[in-house]
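Student: Have a look at this one.
The values are calculated or read from the model by the stated rules, or taken from the named source; none is laboratory data. Model, not experiment: these values are computed from the prediction. Because the Cβ atoms are built from the backbone with ideal geometry, glycine has one as well, and the counts that use them run over all protein chains shown.
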Amino acid sequence: MKFGVIVFPGSNCDHDSFYAVNHAAGQPATFLWHESSDLQNCDAIIVPGGFAYGDYLRTGAIAKFAPIMKSVGEFSAKGGLVIGICNGFQILCESGLLPGALLRNSGLKYVCKQANLRVESNDTPFTHNLKKGDVLEIPIGHMEGNYFCDETTLTQLRKQDRVIFRYASPEGEITPDANPNGSLDNIAGICNEGRNVLGMMPHPDRSSEEMLGSSDGLKIFEAMVGALSTKS
């Protein structure tokens, strides 16, 4: 199997994602340039964090027009695994692969710290190796991580079990104090209806080894590897 990591002008976590997959998870990986439409026969795509195209206009608004994103859309429509991390989540929402939008943090300040996420669903290729209610420690680093959608969409996300992670206390309690950015319903990550596209604001790529303070993020990449192994 092979993972593809997209590189946009302004990406700053592409190498983090590459390292997490290639070194920590031990899987082949390659970089995919934004101007290309060739996914190089990759089995999973990572849309990494950073500031694609400088976040001009708004986060992800320009990146969604990149040739590579058209290919990602076609890939996901066929059931291919796609994970968008931080800026990648923003890009997936702008591209229409996930519903909703990421707004400015409620405190209007950049937030960079460790966060606790409660696993809300293990019915995805990204979380099947976890238990519902597990609490992961994964860092965040964003200015626009405040997830928002309309009430109809939120109802649908809840009904379809598509809220995958929520910000929580270390004990797993969903509280306002545990919410670092004002995100609606403490949402930290969601998936699409096909459950093969995941967007999350926290950085599993920055928590792939204990030396980084936590290796909980590696569990998400390992889940993807396991899902791809079963699929093949």
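Student: Just one of the numbered conditions (1) surrounded by 20 or more Cβ atoms within 10 Å (Cβ to Cβ); (2) at negative phi; (3) not in a strand (DSSP E or B) is not true of D123; which one?
Tutor: Of (1) surrounded by 20 or more Cβ atoms within 10 Å (Cβ to Cβ); (2) at negative phi; (3) not in a strand (DSSP E or B), only one is false for D123: (1).
Student: State yes or no: is L102 in a helix (DSSP H, G or I), of a type in the set (A, V, I, L, M, F, W, C) and within 30 Å of G213 (Cα to Cα)?
Tutor: Taking the combined requirement at face value, the residue does not satisfy it.
Student: Just give me the residues in the range 196-217 being in contact with a strand residue (DSSP E or B) (Cβ under 7 Å, 6 or more places away or on another chain), within 22 Å of Y19 (Cβ to Cβ), in a loop (DSSP other than H, G, I, E, B) and not aliphatic (A, V, I, L, M), in sequence order.
Tutor: Of everything in the range 196-217, those that are in contact with a strand residue (DSSP E or B) (Cβ under 7 Å, 6 or more places away or on another chain), within 22 Å of Y19 (Cβ to Cβ), in a loop (DSSP other than H, G, I, E, B) and not aliphatic (A, V, I, L, M) turn out to be P202, H203, S207, G213, S215, D216, G217.
Student: Something else about it: Can you tell me which residue is surrounded by the fewest Cβ atoms within 10 Å (Cβ to Cβ) among those in the range 177-195 that are in a helix (DSSP H, G or I) and in contact with a helix residue (DSSP H, G or I) (Cβ under 8 Å, 6 or more places away or on another chain)?
Tutor: Checking each candidate, the answer is D185.
Student: Taking only the range 103-124 into account, find how many residues are touching a residue at least 40 places away in the same chain (Cβ under 8 Å) and closer than 20 Å to L136 by Cβ.
Tutor: So the answer is 12.
Student: If the Cβ limit is 6 Å and pairs must be 6+ apart or interchain, which residue in the range 32-61 that is under 20 Å from N196 (Cα atoms) pairs with which residue that is at pLDDT below 95 and surrounded by fewer than 20 Cβ atoms within 10 Å (Cβ to Cβ)?
Tutor: Taking only residues 6 or more apart or on different chains, the pairs are D43/M1.
Student: Give me a count of the residues in the range 42-65 that are on the phi > 0 side of the Ramachandran plot and assigned to a helix (DSSP H, G or I).
Tutor: Total satisfying the criteria: 3.
Student: In the range 126-162, which residues are surrounded by 15 or more Cβ atoms within 10 Å (Cβ to Cβ), without any contact (Cβ under 8 Å) to a residue 40 or more places away in the chain and part of a helix (DSSP H, G or I)?
Tutor: The one that is surrounded by 15 or more Cβ atoms within 10 Å (Cβ to Cβ), without any contact (Cβ under 8 Å) to a residue 40 or more places away in the chain and part of a helix (DSSP H, G or I): L154.
Student: Let me ask you something else. So F51 clears everything in (1) among the hydrophobic types (A, V, I, L, M, F, W, C); (2) surrounded by fewer than 20 Cβ atoms within 10 Å (Cβ to Cβ); (3) farther than 22 Å from K219 by Cβ; (4) more than 17 Å from the chain's Cα centre (by Cα) except one condition, right? Which one?
Tutor: (4)
Student: Then there is this: So is P170 part of a loop (DSSP other than H, G, I, E, B), in contact (Cβ under 8 Å) with a residue 24 or more places away in the chain and buried (at least 23 other Cβ atoms within 10 Å of the Cβ) or not?
Tutor: Criteria not met by P170.
Student: What number of residues within the range 66-89 are without any contact (Cβ under 8 Å) to a residue 24 or more places away in the chain and either aromatic (F, W, Y) or not in a helix (DSSP H, G or I) (or both)?
Tutor: 1
Student: What's the number of the condition S208 fails, among (1) crowded, with 23+ Cβ neighbours inside 10 Å; (2) on the phi > 0 side of the Ramachandran plot?
Tutor: S208 satisfies every listed condition except (2).
Student: Does A66 satisfy the criteria of being within 16 Å of the chain's Cα centre (by Cα), farther than 21 Å from I220 by Cα and crowded, with 19+ Cβ neighbours inside 10 Å?
Tutor: The answer is no for A66.
Student: Whether any residue in the range 38-48 is at pLDDT 95 or above, of a type outside the set (F, W, Y), crowded, with 16+ Cβ neighbours inside 10 Å and over 18 Å from the mean Cα position of the chain (by Cα) is what I want to check.
Tutor: Looking for residues that are at pLDDT 95 or above, of a type outside the set (F, W, Y), crowded, with 16+ Cβ neighbours inside 10 Å and over 18 Å from the mean Cα position of the chain (by Cα), one finds at least one in the range 38-48, hence yes.
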